[in-house]
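Since the structure comes first, as structure tokens, the remarks are kept for the end.
Throughout, read-outs are computed from the coordinates displayed, never taken from laboratory work. The structure displayed is predicted, hence computed values, not measured ones. Ideal geometry is used to build each Cβ from the backbone, glycine not excepted, and the neighbour counts take in all protein chains shown.
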Amino acid sequence: MPLSKSRLNTHSHHLSFSQVSNQSEQKRSVDGLVLSARNRSPSCASFSSQLSMESNPGKTTKVAKTSDTSIKQGFCKIIFRTLLLVLLYYLSSIGLTFYQKWLMRKLHYPLSIVITHLVVKFMLAAACRIVWEYWTNHKRPILAWQPYTVQLAPAGIASALDIGLSNWSLEFITVSLYTMSKSTAIIFIMGFALLFKLEKKHWTLLVVVVMISGGLVMFTYQATQFNLGGFLMVMFASFLSGLRWTLSQMVMQKSEMGLANPIDMMYHIQPWMIVTLLPFAMAFEGLSLAMTKDVFRFVDTYHLFIVLGEVLVGAVIAFFMELTEYLLVSYTSSLTLSVSGIIKEVLTLTLAVLITHDEMNPINAAGLVICLLGITLHVALKAVRIHNESKASSLAVFKTKHVGEEELLMNLMNSDSEEMAP
């Protein structure tokens, strides 16, 4: 019996040692599983670092202060950059409107002036592409003939007629009527967006259209400085503006064309615009331009250079206006550009009353307010839609990431469990 008892004790001792050994191996396996999961999963690694930071309060406080400082600096940088871009956008856009109005009083050749602008913008865009290629050693895209003629030509023709008629109308109508009429381009943009299925139908769009169009009718009602010909020109220009921006959006969103950069877009689209406007300029202004002493039959060379300089100034302003619009959308959003556009129109109308002494009766003023409210409503609805889409997208990404992490950990545990199995 003592012998059997001793054997029993020895056997039990071996069992307990074996259990401890198995437990140690399992512990090492679990530790290895956790370490492997931490090495493979970024979220586990961040969780581990978070635990280590929580165990060291001084380090956590220091990191938190550094993070807060960097966040504040980044926020201030974004605010400063946005304000600077908005200021440049206002100066170029409002300045170009009043500058062209002033220039039209001296030179009654709006189409020829626009063609000069287009040529200068093409040359500046080409120069920017050359500098970019030299600086980065990367070639800028050049379209083949088929997409250049089939897909880009409609946008170029619409853009040319829009800009040409807009400048031509400034000869006959006031800056305030021009600004209000051009603001109706939102209606046509929405219409073409619905036609090409870029926007979804909603009853609020009808409210926006009624407010903007009704406000425009009230604004032009019994206006003392109203000109029917100029008004029809600018309204047709607004229609073409809606078509222009819709087609341009479709072209720039096609990644295979490589025209997401506006410099490349300007470089490719300017020739189509020049070819479109050139026959109209020759038909309506060719003979008069050839006979004028301001350009071709000049008497004073100094006067000729002054005239050419005035036209070139407008071309440079137009180029930088398009560039600031792109930068504002790139670094902020299209919503920021829309809100800035509303404020820009209010500033333009205010300056039109103060500088060019545009006249408005109470009905015109009420129409102005209603039209601006319609534009503001459109921007607000757009902001809500973007916010909802962003929220839904963030929730979907979070769910996908969460499910992916769970699947990753389960796969790691299953694979390591299979490795531990005999």
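Please compute, over every Cα-Cα pair in the range 162-273, the percentage with a separation greater than 24 angstrom. Roughly 36 percent, rounded to a whole number. Taking every alpha-carbon pair within the range 102-251, the share separated by more than 27 Å comes to 38 percent.
Sort 154-167, 183-196 for me by packing, meaning the mean count of neighbouring Cβ atoms within 10 Å per residue, highest on top.
On the way: 154-167: 23.0, 183-196: 19.1.
Sorting 154-167, 183-196 by mean packing, highest first, produces 154-167, 183-196.
Over 22 Å between Cα atoms: which of Lys72/Lys382; Lys254/Lys344; Lys200/Lys344; Lys101/Lys182; Lys200/Lys254; Lys344/Lys382 fall into that group? Intermediate results must be reported in sequence, preceding the final value.
Values: Lys72/Lys382 28 Å; Lys254/Lys344 30 Å; Lys200/Lys344 28 Å; Lys101/Lys182 15 Å; Lys200/Lys254 20 Å; Lys344/Lys382 18 Å.
Among Lys72/Lys382; Lys254/Lys344; Lys200/Lys344; Lys101/Lys182; Lys200/Lys254; Lys344/Lys382, the Cα-Cα distance tops 22 Å for Lys72/Lys382; Lys254/Lys344; Lys200/Lys344.
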